[in-house]
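Read through the structure below, which is laid out as structure tokens, and then see the notes.
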Amino acid sequence: MGAIAQHRAKRDAGAGMTAAAANPLRDPVDYRLPRVAGPCGMVLFGVTGDLATKKVMPAIFDLANRGLLPPTFSLVGFARRDWLDEDFTQIVHDAVREHSRTPFREEIWQQLAEGIRFVAGDLADPAAYQDLKAAIAELDVSRGTLGNHAFYLAIPPGLFPTVLKHLKESGLAESHPGTWRRVVIEKPFGHDLVSATELNSIVGEVFPAESVFRIDHYLGKETVQNILTVRFANVMYEPLWNSNYVDNVQITMAEDIGISGRAGYYDGIGAARDVIQNHLLQLLALTAMEEPLSFSSEDVRLEKERVLSAITLPTQIDLHTARGQYASGWQGGIPVRGFLEEDGIPPTSMTDTFAAIRLNVDNRRWAGVPFYLRTGKRLGRRVTEVAIVFKRAQHLPFAQTANEELSNNAFVFRIQPDESISVKFGSKVPNTSSIEVRDVIMDFQYRDSFLDSSPEAYERLILDVLLGDPPLFPRPREVELAWQILDPILNRWAEQGRPEQYVSGGWGPDSANEMIARDARQWRRP
Ligand code: BG6
């Protein structure tokens, strides 16, 4: 047996898996076949929140509509509301009608609605969990969910410990042989490294590691999964994917919306905790990691953890980070309020709605290549992209005037909207008497090449939870490493006072431009 095969056999034995199950490359299973969840149900905590109504409920319907849920699927809502099953069913119905991706079909809805139940109770009341237990037991018989249930915590993180404690004490977290119980936890996973570690240990006392699914919905996006596919399915890119050719990497997540009525969640959290700690650092990890031995969850997550461990901060945080807060301005032709005028935001709030940071990845592949991450609300347009910006050619054999309009080559994953991959390079301008070079863009658009529209991230992730398939869910070490990177920046920012104001509809505070200009570079204008 060769060294790699030996490593795989050892790893697979350690993980309690068969070699075939753990090695998709050699596994005879045809992964193009649809994966359909077996008999099971879901208990939803936080039934009236935005997440539940805009994402989770519609995704469940979309999965049912695509034939990927068992026909006997059950959905139990649990909350302190004076509701009957019919009331909750109506809530789910409205959410589905308004937000589902796939067309509404009455027969699918009827089938789903038959498995909907509501349990009224306080999250801190042990008796309510006994009612929940009884409801689940009834469904196991009447719907045939066979004891398999996922608990989806779409609730404020401050309530996680209470719910987890009661799931444990009531025996709900416990699975019996041949059945499963899983928990789905939504971000934010903690507020800093200490609280994240604490939360991980609380969760670990209630559910075994393989039953915990931490959702980072960016990992459920097709375009994000495609980063690894493009890098490792092709021969063209990897030779250039290193400090010999790459000048810098820019990861941008720009939103045109403000905080959209989420003051209670957002104030005190801010842009860096809200999306850099999770979505943007995950994008960085996928862009910078080494090739995994296989696409098993163990191998992919190991490589992500390795690259996150290699990240270091510039010594002078003030010079290489920027933060801002949106002021009033214009968006899409209409006047919009500044962050401090939003309902529920105190006028003294120090919360950042824009954050930009520079990170280094200290390993041989990336030595000397800065990774710039930026995100903000109320920016010029909604766009998320990962741009690999290449160095200039060592020598340009043209007259200087010929290449004045040539900038750095760039390879760009456009995560959303207009999902695409583009390459920017220099080309001869036709019809000129002498050579003149100008930037051109070669563009692959998903919609031109594939007939199916991409599923919502939540469809993919919820299905993975029900199938017990973990690669797209960050494990504790990844979460803690991400906080370890961010903590010193957040601590420094906390000493700085009020963030700089920036005009809504623009591209963030001046300090963001100054920060990158110090490195003699500039932000891409997506
Ligand atoms: C969430 C953040 O995780 O991602 C929100 O909490 C943000 O503040 C949202 O608006 C953006 O998600 P998407 O999929 O629209 O880019």
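For this structure, a couple of remarks:
- Formal net charge of residues neighbouring Arg460 (Cβ-Cβ distance under 9 Å; K, R +1; D, E -1): -3
- The packing ranking of peptides 35-44, 509-518, highest mean first, is 35-44, 509-518, where packing means the average number of other beta carbon atoms within 10 angstrom of each residue.
- Rg/Rh ratio calculated on Cα atoms of region 410-457 (Kirkwood radius): 1.19
- Cα-based radius of gyration for region 141-279, normalised by 2.2 N^0.38 Å, reads 1.37.
- Ranked by solvent-accessible area (1.4 Å probe, protein heavy atoms only, all chains present), the residues Val76, Val235 order from largest to smallest as Val235, Val76.
- For the chain: accessible area per residue (Å², 1.4 Å): 45 Å²
- Partner lysines whose Cα lies under 30 Å from the Cα of Lys424, excluding those fewer than 8 positions away in the same chain, are identified as Lys221, Lys304, Lys377, Lys391.
- Straight-line cross-link reach from Lys133 at under 16 Å between alpha-carbon atoms covers these lysines, not counting any fewer than eight positions away in the same chain: Lys165, Lys168.
- Highest average packing first - 440-446, 501-507, 181-187, 321-327, Cβ atoms within 10 Å: 321-327, 181-187, 501-507, 440-446
- Principal-axis tilt of helix 160-169 within the chain, Cα atoms, nearest 10 degrees: 30 degrees
- Using only side-chain charges placed at the Cβ, +1 for Lys and Arg and -1 for Asp and Glu, the dipole size of the chain relative to its Cα centre rounds to 1220 debye.
- Cβ-placed point charges (K, R +1; D, E -1), dipole of region 52-193 about Cα centre in debye, nearest 20: 520 debye
- Furthest towards positive pole of dipole, Trp523, Pro347, Thr162, structure part the chain, Cβ charges: Trp523
- Value at 222 nm in deg cm²/dmol, rounded to 500, when DSSP H runs of n ≥ 4 in the chain each add -39,500 (n - 2.57): -10000 deg cm²/dmol
- Between Leu406, Val429, Gln394, the Cα set farthest toward the positive side of the dipole of region 385-435 (charges on each charged residue's Cβ, about the Cα centre) is that of Gln394.
- The alpha carbon convex hull volume per residue for the chain rounds to 181 Å³.
- Accessible-area rank, largest first, for Trp493, Trp330: Trp330, Trp493, with all protein chains present and a 1.4 angstrom probe.
- Ellipsoid semi-axes in whole angstrom, largest first, where each is sqrt(5λ) of the Cα gyration tensor of region 168-221: 22, 16, 8
- Cα-based helix-to-principal-axis angle, 193-206 vs the chain, degrees rounded to 10: 30 degrees
- Cut-off 11 Å between beta-carbons: net charge of the residues surrounding Ile116, Lys and Arg +1, Asp and Glu -1: -2
- Accessible surface of Ile334, taken over heavy atoms with a 1.4 Å probe and every protein chain present, rounds to 100 Å².
- The chain - percent of accessible surface contributed by carbon and sulfur, probe 1.4 Å: 53 percent
- Other residues whose C-beta falls under 11 angstrom from the C-beta of Ile516 contribute a net charge of +3, scoring Lys and Arg +1 and Asp and Glu -1.
- The angle separating the long axis of helix 457-467 from the principal Cα axis of greatest extent in the chain is about 50 degrees.
The values are calculated or read from the model by the stated rules, or taken from the named source; none is laboratory data. What you see is a predicted model, and the numbers here were worked out from it, not measured in a lab. We place every Cβ from the backbone using ideal geometry, glycine too, and count neighbours over all the protein chains shown. The accessibility values were calculated without ligands, DNA or RNA, using every heavy atom of the protein model including side chains. Shrake-Rupley method; radii C 1.70, N 1.55, O 1.52, S 1.80 Å.
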